[in-house]
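One structure is given below, encoded as structure tokens.
Readers should treat all values here as calculations from the given coordinates under stated rules, not as data from a laboratory. What you see is a predicted model, and the numbers here were worked out from it, not measured in a lab. For neighbour counting, all protein chains shown are included, and Cβ atoms are generated from backbone atoms with ideal geometry for every residue, glycine included.
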Amino acid sequence: MRWNAVVGGALVGLVAGVAALSLVWTPHDPAGIDVSRRFLPASPAHWLGTDQVGRDVASMLMAGAQSSIAVALLSVGLGASLGTALGLLAAARGGWVEEAVMRLSDLAFAFPALLFAIMLAAVFGPSLTNAVLAIAFIMVPIFARVSRASANAVWAREFVQAAIAAGRSRLGITIDHVLPNIAAVLMVQATIEFAVAILAEAALSYLGLGVQPPTPSWGRMLSEAQTLLYLAPQLAIWPGLCIMVAVLGFNLMGDGLRDATDPRLRGVGA
Amino acid sequence: MGLFLLRRLLTLIATLVAVSIVVFLVMNALPGDPALIVLGIDSTPEAQAALREKMGLNEPLALRYLHWAGAALTGDFGISHSFDVPVGRLIAERLPLTLPLAALATVATVTTAIALGVHAAARHGRLADWGVMALSQLGIAVPAFWLAILLVILFAVRLRWLPPGGFPGWDDPVAALRALVLPTVSLALVQSAILARVTRSSVLEVMRLDYARTARAKGLSRSAILRRHVLPNALIPIVTIIGMQIANLVTGTIVIENVFYLPGLGRLIFQSIANRDIFTVQALVMLFAAVVVVTNFLVDVAYALIDPRLKDRV
Amino acid sequence: MTLVSVRDLTIAFGGALALRALSFDLRRGELLGVVGESGSGKTLAALSLMGMAPEAARVSGAISFDGERVDTLPETGWQSLQGRRIAMIFQEPMSALNPLQRIGTQITEAMIWHEGISRAEADARALALLGEVGMPEPQARLRMYPHQLSGGQRQRALIAMALACNPDLVLADEPTTALDATRTAQALDLLRGLARARGMALILISHDLAAIERVAERMLVLYGGDLMEEGPVAEILSRPAHPYTAGLIRARPRPRPPGVPRRPLPTIPGSVPGLADLPRGCRFHGRCPKGRPVCAEGRPPLVDIAPGRRAACLFPEPV
Ligand SMILES: Nc1ncnc2c1ncn2[C@@H]1O[C@H](COP(=O)(O)OP(=O)(O)O)[C@@H](O)[C@H]1O
Ligand code: SF4
Ligand SMILES: [Mg+2]
């Protein structure tokens with residue numbers, strides 16, 4: 001086992017564990033406002049102190065992990081499914097279908113998640129759903145390309161050629177042979193895109209285009225803390241640290257998984 | 001070469017047209033009446049009808065697209081209903097901030113990243129290499145806006161060396177540049193972490209190739225081999241990433257301008273969303289997307305300049 | 001007069017020995033062939049003579065060039081020999097050339113680097129060189145990029161590059177693997193002719209005995225990092241002393257007269273073991289038809305078996 005997979009896995013486990021725990025328990029109500037307890041320093045009762053309206057920072061961070069993981073799961077799941085379906089279709093059909101899928105994914109690259117989220121927010125108003133859709137949208141072309149390229153390599157292999165000769169349908173071959181053979185590549189990609197999604201969610205929530213109050217989110221905690229930098233700079237430290245740990249975890253885990261599945265890249269560390 | 005450029009130019013134009021159609025459709029044809037969006041649901045039907053007329057919303061969609069795209073080509077993006085001035089003027093006013101910021105961040109990113117990446121590759125497996133890799137792994141995981149906040153805490157709140165935000169305008173160039181230091185650093189640091197990794201692995205890859213060994217067999221010094229043979233070849237994947245990063249830096253300005261309260265295009269987008277100023281948002285989204293597309297085009301041209309093999313291909 | 005003298009050159013990767021105490025001499029202007037199956041250590045030996053052994057390698061022994069110890073030189077010391085007095089022609093003509101630089105630039109680079117001559121002078125010399133190596137339309141080729149040249153032309157460009165500073169020694173490591181039979185013969189004749197004309201020593205590395213026969217006067221036979229046999233090419237080919245050499249000769253593909261049916265080529269039984277699995281005594285033990293238990297006990301010494309001939313076998317063929 002490579003060290004990056006181990007460290008990454010541990011960090012991811014920590015964040016996911018905290019998110020799961022926050023579903024059933026947090027030290028305090030993360031939304032519990034109590035202005036008499038504003039700006040408390042760290043103490044056994046409030047591990048990381050309280051914020052400008054007396055909410056427990058540690059509890060908010062725990063609940064924030066939940067938002068991060070949920071948004072990442074939904075958007076990567078959505079984007080990966082759609083993108084992979086398109087990529088598999090492109091590889092299975094070839095010809096103009098493949099060309100069309102590739103040109104469409106070229107086109108989609110012109111819209112970074114932020115731009116897409118801005119468009120959706122301008123039309124529908126800012127919401128969590130729009131943030132998820134916007135992040136999923138940037139995942140589609142990425143997964144379409146990766147799955148098409150790997151699927152094409154599988155289609156060229158002998159056992160697939162044999163299956164074609166035996167008269168199997170393209171759909172049947174795709175499900176029985178292509179998908180299992182590209183699953184590892186897709187897993188690696190999904191892990192890395194998880195990190196991208198967490199960063200994107202944080203940025204969108206920071207800008208007010210993502211998770212809406214009162215749901216806690218690391219990005220929004222940062223935008224609130226930013227107005228209090230002279231008064232309580234510590235409030236701006238913790239949420240960012242959480243984002244960093246989560247992103248680092250998924251990146252390291254993705255690197256580790258890639259090293260494990262593609263030994264050619266070992267040590268190059270692209 | 002000429003044929004390659006021509007083909008690429010045609011693709012560029014086709015992509016820009018396609019992007020403009022997507023932007024227009026999302027902003028105009030999705031469920032939701034632009035007039036309603038602008039005025040809010042509690043507005044009177046008469047006001048909505050009047051605005052619809054004024055915005056030309058009663059024409060067929062295709063015709064409206066042609067009007068919009070045709071006018072946009074001449075720099076006319078319509079009137080911002082919240083500022084009541086031409087959108088083009090709004091953009092022109094903010095460009096002197098966003099453009100230098102993006103340019104500074106790009107230059108800072110590319111120079112830092114290539115210097116660090118090459119340094120790490122040249123000391124492959126040693127402490128410097130390890131340090132650069134660890135730092136860049138961290139840098140990739142840091143959200144740019146959080147880094148910006150940390151820099152403000154350190155350099156503006158604690159040390160008071162630099163302003164925490166705002167922009168005094170270019171009348172006082174020193175003050176203007178001082179105001180852009182932290183935004184530039186926050187944008188560039190994260191992107192250069194990514195680019196440094198790519199540079200390092202690309203240089204390492206090329207150093208392993210046969211022609212690098214040929215260069216060594218000529219008796220060239222390490223730095224000459226790096227400069228003349230390795231770096232130019234390693235540049236090809238680096239340029240690809242630089243292209244993607246310029247896109248990131250340009251959209252990154254949207255976020256960073258909000259962190260530092262800089263009156264640029266990024267702030268304008270958010271003001272326009274808040275004001276439901278759909279023409280302005282539409283124009284800005286189109287502008288940012290166009291920058292991304294044109295950057296990709298320039299990257300392809302750069303390839304052809306670096307790599308003679310492409311010039312002969314059509 | 002001795003140009004190169006190698007003594008007990010030993011190269012280890014971890015615990016495995018890729019070269020075991022290799023010793024040989026090379027006279028000025030001599031044409032030496034080095035033959036052996038893939039993995040026998042030919043490239044490592046050549047790279048050591050260039051001061052370019054892989055970083056992972058532990059190297060010991062002594063190498064002298066033109067009367068001076070060079071194996072102890074620092075990197076910058078080697079740099080003044082590389083490309084100037086010792087040059088190397090690598091195996092793969094496509095990948096050995098920088099794809100982004102014109103052929104002319106790549107040929108003149110070493111001249112300008114080592115001799116500090118002007119661009120114009122270097123260009124003139126490169127043009128003459130390309131003519132010498134038989135490049136068609138040399139003037140136009142100078143301005144071309146590697147991808148615009150055919151395989152044979154690239155190989156000629158590489159030869160011209162190696163000759164740029166008129167070196168005393170050229171190492172050619174399997175220079176013709178990418179070429180067809182006709183071009184292989186042309187390139188080999190060219191190398192031999194150039195070396196002769198310039199009084200330049202040449203070490204031709206090949207797994208192909210025909211190439212060695214065409215070019216070299218004297219040859220070394222390497223197997224598993226050991227020097228197995230050494231002597232004049234014609235003598236060794238007609239009467240090999242070492243069973244490994246005899247096996248190589250038997251396994252040579254021979255031109256078949258028309259009408260004669262193809263027969264399966266005799267090969268040396270077994271395959272080359274990996275470095276770590278080589279027998280400790282005679283490296284050939286286990287594949288050798290004449291091997292006996294005693295062969296595994298220690299490394300057979302390299303002994304004189306005839307004037308100018310040495311072999312490392314306990315039971316050599318009589319010569
Ligand atoms: N950088 C290296 N690391 C580890 N082993 C190596 C390295 N280079 C060569 N070797 C080993 O040394 C042996 C000799 O290699 P080489 O000189 O390339 O053989 P040849 O040129 O005769 O085919 C091989 O077994 C090879 O695996
Ligand atoms: S020493 Fe023994 S094993 Fe080695 S070549 Fe001679 S006979 Fe064969
Ligand atoms: Mg070799």
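The table below gives the values:
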| quantity | calculated |
| --- | --- |
| Given charges at beta-carbon only (K, R positive; D, E negative), |dipole| of chain C in Debye | 880 debye |
| Region B:156-182-region A:204-245 distance, computed between alpha-carbon centres (Å) | 24 Å |
| Angstrom value of the Kirkwood radius, inverse mean 1/r, which spans all Cα pairs in region A:83-137 | 12.4 Å |
| Highest-MSF residue in chain C out of C:19, C:191, C:100 [GNM, Cα springs under 10 Å] | C:100 |
| Cα gyration tensor shape of region C:165-223, rounded if a/c is under 1.5, else prolate or oblate by comparing a/b with b/c | oblate |
| Cut-off 11 Å between beta-carbons: net charge of the residues surrounding residue C:296, Lys and Arg +1, Asp and Glu -1 | +3 |
| Simple Cβ-charge dipole of region C:1-102, Lys/Arg +1 and Asp/Glu -1, about Cα centre, in debye nearest 20 | 140 debye |
| Along chain A, longest interval not containing exposed chymotrypsin sites (Phe, Trp or Tyr not before Pro), exposed being DSSP loop plus at most 12 other Cβ atoms within 10 Å | A:26-229 |
| Kirkwood Rh and Cα Rg combined as Rg/Rh, chain B | 1.06 |
| For chain B, calculated [θ]222 nm from helices alone, where every DSSP H run of n ≥ 4 adds -39500 (n - 2.57) | -24500 deg cm²/dmol |
| Rounded to the nearest 20 debye, dipole of the protein assembly as shown from Cβ charges on Lys, Arg, Asp, Glu | 2540 debye |
| Helix runs (DSSP H) in chain A reaching 18 Å along axis by Cα, Kyte-Doolittle at least 1.6 | A:3-24 |
| Residue among B:39, B:195, B:235 with the largest mean-square fluctuation in a Gaussian network model of chain B, springs linking Cα atoms under 10 Å | B:39 |
| Inter-centroid distance (Cα atoms) of region C:81-105 relative to region B:219-265, Å | 31 Å |
| Value of relative contact order over region B:95-313, rounded to a whole percent, pairs C-alpha under 8 Å and six or more apart | 26 percent |
| Cα shape, chain A, gyration tensor, a/c 1.5 rule | prolate |
| Most mobile of C:34, C:294, C:170 in a GNM of chain C (Cα contacts under 10 Å) | C:294 |
| Spatial extent of region A:109-192: Rg and Dmax, with the Cα atoms as the point set, Å | 17.6, 53 |
| Likely footprinting exposure, C:227, B:135, fewest C-beta neighbours within 10 Å first | B:135, C:227 |
| For the protein assembly as shown, with +1 on Lys and Arg beta carbons and -1 on Asp and Glu, the positive-most of A:245, A:120, B:81 along the dipole | A:245 |
| Alpha-carbon centroids, region B:52-118 and region A:157-182: separation in whole Å | 48 Å |
| Length-normalised contact order of region A:81-151 in % [C-alpha pairs under 8 Å, at least 6 apart] | 55 percent |
| Farthest toward positive dipole pole in region B:169-272 [+1 Lys/Arg, -1 Asp/Glu at C-beta], among B:193, B:229, B:215 | B:215 |
| Equivalent-ellipsoid semi-axes of the protein assembly as shown, from the Cα gyration tensor, Å, largest first | 65, 31, 28 |
| Cα-based Rg and Dmax for chain C, where Dmax is the largest Cα-Cα distance (Å) | 20.4, 66 |
| FRET efficiency, residue C:58 to residue B:115 (Cβ-Cβ, R0 41 Å, nearest 0.05) | 0.75 |
| Space enclosed by the convex hull of the alpha-carbon atoms of region B:39-184, per residue, Å³ | 221 Å³ |
| Taking B:281, C:215 and counting other C-beta atoms within 10 Å, the order from fewest to most | C:215, B:281 |
| Likely footprinting exposure, B:218, C:42, fewest C-beta neighbours within 10 Å first | C:42, B:218 |
| Degrees, to the nearest 10: C:181-198 long Cα axis against longest axis of chain C | 80 degrees |
| Helix C:103-115 axis, angle to chain C major axis (alpha carbon atoms, nearest 10°) | 90 degrees |
| Farthest toward positive dipole pole in the protein assembly as shown [+1 Lys/Arg, -1 Asp/Glu at C-beta], among B:143, A:135, C:151 | C:151 |
| Counted charge near residue A:34, where neighbours are those whose Cβ lies closer than 11 Å (Asp, Glu -1; Lys, Arg +1) | 0 |
| Sequence-separation-based contact order of region B:17-87, relative, with Cα cut under 8 Å and 6+ spacing, percent | 19 percent |
